[in-house]
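Asks: Handing you a structure now.
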Amino acid sequence: MSRWNRKNFILVLLRTFMLQASWNFEQMQSLGLLFAMVPALRRFYPEDQLLAVYRRHLVYFNTHPYLASPLLGAVLKLERQAAEGAPEEIGIHEFKSAVAAPCAAMGDGFFWGALRPVASATGLLLAFRGSLWGPVLFLFLFNVPHLWLRIVGLRRGYDRGFRVVENIQRCRFPDLSMRLKQLLVVLLGILAAWLIGDRFQGLGWASMWALPVIPLTLLLGFLVQKRISPLVLLFLMFLALLTWFHWN
Amino acid sequence: MSAGAYLTAAVVSLWCGLDRTAVGQFMVCRPIVAAPLTGWLLGDPLVGLKIGALLELLWVGRLPIGAAIPPDDTQVAVGSTVLALAAGNAGLTTDSLVVLSLLVGLPLGKAGEYFDRLARLWNAQLLTRAEFLLDAGQYQKVPRLHLWGLWHFGIASLATYGIIVGGGTLFMGWALDHLPDRFDAIAAWLWLAFPLIGISATLGIFRISRSLLLFSCSFVIALLVF
């Protein structure tokens, strides 16, 4: 059977960027995972075995789209070993089922819950000053780790097979997420102070009048925790301001 | 605004809408990018930047986890930028116009959740077709089915954009005729409400240890420095 080569790697890598094109509530990313693997599978297996291989992968699969790359690399390594008739260390389906959910949780927590908000807040510090470098900085801060994980992750996954899980563990995503979230809180504090202080200065008010913003933030945060939508809060504030300015 | 400008914004809406879930996920779909990009292509990037910054901060804590579908902030960003630029100055300050277009665009953006869900339901039908093709032995056609999902997400994005811009244009016309006398003053306070609510929501949703201490200290220190 043909071996994995650079062209294969690039084809599979490019297809991982479309992993979620057919995302659905039933099998989530199953069709996307199969789509990404096809260039490699066609080299590993003879035509008469592909039907069974395709059918095997058309089952529920869901993980974080970026962390899917190392997993995909590992699955391809297992597929190649299976195609070559090597003794099976772990079943392909067993491996996918075992690692998809933990990787989804780690990826969601790190990329969506920590890195993206921190990159946003950093970009916003520039954007609120009217600098168009804000969006550029946001894209840079977010996409460097993103693309690194996609490219290096796929390579490592294929090189190390199911042992790529150890590499993922070494990244310590939960710890990094916690540190980044703490940084996010600090950045939000700076952003709030800058926006409010600036507006109060414009009104000729002393900065100390901005201090009640802290309990107000806590109150609004409490209301959001009680499942009151931020949109509802915004429109309630709008109504309150309309009423205030109507009577004053 | 010319038909070409609406069409250009529709292309941005489609590209950013696909980036959101289906292709890439480079985060050009985030309001901080999508809105200034729209504004830049339509001739006023700073209006887009203001809209994008306010929206980004309002929804910075909303996460697309698992099967949950977050609000379509991408189309709200693109659509609200189009609404603001189409309205011209309309006798309002830029900040007031930004706030007004967001107040119009935000509720209409709820349609995005419906269309996004619809696209994902259409995608489930692709699985049925894939099973059918496998049963028929036509396995070569199965991977191509996956790409049909791009159409579904693309149509959902454009439909949301159409509703925000179409419905929003009608409502903006009415709103501009019925604005209260002191809307500029109201908008100035609402300008602060967006970030404040967004920051509060983020602190409320994210359970971060020592968040109150960190937020208070950074807020007070930054206030003294600025």
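Please treat every number below as a calculation from the coordinates, not as lab data. Every value quoted in this text rests on a predicted model; they were computed, and no experiment measured them. Here the Cβ positions follow ideal geometry from the backbone for every residue, glycine too, while neighbour counts run over all protein chains shown.
Asks: So what is the diffusion coefficient of chain B in µm² per second by Stokes-Einstein at 10 °C and 1.306 mPa s, using a Kirkwood Rh over Cα pairs?
Replies: 83 µm²/s
Asks: Over all distinct alpha-carbon pairs, what is the Kirkwood Rh of the protein assembly as shown in angstrom?
Replies: This gives a value of 23.6 Å.
Asks: For A:219-228, what's the mean count of beta carbons from other chains sitting within 10 Å of each residue's beta carbon?
Replies: 5
Asks: At a 10 Å Cβ-Cβ cut-off, how would you order B:Phe226, B:Phe132, A:Phe128, A:Phe110, fewest neighbours first?
Replies: Ascending Cβ contact count within 10 Å gives the list B:Phe132, B:Phe226, A:Phe128, A:Phe110.
Asks: Mean residue ellipticity at 222 nm from the helices of chain A, using -39,500 (n - 2.57) per DSSP H segment of n ≥ 4 over the full residue count, to the nearest 500 deg cm²/dmol?
Replies: Using -39500 (n - 2.57) per qualifying helix, the result is -23500 deg cm²/dmol.
Asks: Also, quick follow-up: Roughly how far apart, in whole Å, are the Cα centres of region A:1-41 and region A:138-209?
Replies: 28 Å
Asks: Which whole number gives the average, over all residues in A:105-111, of C-beta atoms from other chains lying within 10 Å of the residue C-beta?
Replies: Mean number of neighbouring Cβ atoms from other chains: 2.
Asks: How many Cβ atoms of partner chains, on average, are near each residue of B:179-186 if near means within 10 Å of its Cβ?
Replies: The shielding value for this peptide is 3.
Asks: Moving on. What aspartates and glutamates does B:Lys110 reach when the alpha-carbon gap must be under 14 Å and sequence neighbours fewer than 8 apart in one chain are set aside?
Replies: Counting by Cα, and skipping residues close in sequence, B:Lys110 has these aspartates and glutamates nearby: B:Asp72, B:Asp73.
Asks: Give me Rg over Rh for region B:181-225, both radii from the alpha carbons and Rh done the Kirkwood way, two decimal places.
Replies: On the Cα set of region B:181-225, Rg over Rh gives 1.13.
Asks: In whole Å, what are the Cα extents of region A:63-130 along the three principal axes, biggest one first?
Replies: Here the spans come out as 61, 18, 11 Å, largest first.
Asks: Also: Starting with the fewest neighbours, write out B:Thr8, B:Thr81, B:Thr94, B:Thr202 ranked by other beta-carbon atoms found within 10 Å of each beta-carbon.
Replies: Least to most surrounded, the residues fall as B:Thr94, B:Thr8, B:Thr202, B:Thr81.
Asks: A:Ser229: net charge of surrounding residues, Cβ under 13 Å, Lys/Arg +1, Asp/Glu -1, itself excluded?
Replies: Here the count lands on +3.
Asks: Right, here's the next one. I'm checking a number: the convex hull volume of the Cα atoms of chain A, normalised per residue, in Å³. What is it?
Replies: Per residue, the Cα convex hull of chain A comes to 159 Å³.
Asks: At 0.36 nm per residue, minus the direct Cα-Cα distance, what do A:Arg163 and A:Leu11 gain on full extension? Give it in nm, one decimal, please.
Replies: Value of the extension gain: 52.4 nm.
Asks: Going by how many other beta carbons lie within 10 Å of each one, how would you line up B:Thr128, A:Thr16, fewest first?
Replies: B:Thr128, A:Thr16
Asks: Sum up the charges of everything whose Cβ sits under 14 Å from the Cβ of A:Phe173, counting Lys and Arg as +1 and Asp and Glu as -1, but leave A:Phe173 out.
Replies: In short, +2.
Asks: Net charge near A:Ala86, counting Lys/Arg +1 and Asp/Glu -1 over other residues with Cβ under 13 Å of its Cβ?
Replies: -2
Asks: Oh, and also: Lysine pairs in chain A 8 or more apart or on different chains: how many have alpha carbons under 29 angstrom apart?
Replies: Close lysine pairs under the 29 Å cut-off: 4.
Asks: Distance in nm between label sites at B:Trp151 and B:Phe226, each 7 Å beyond Cα in the beta-carbon direction?
Replies: Taking the two extended label points, one gets 5.0 nm.
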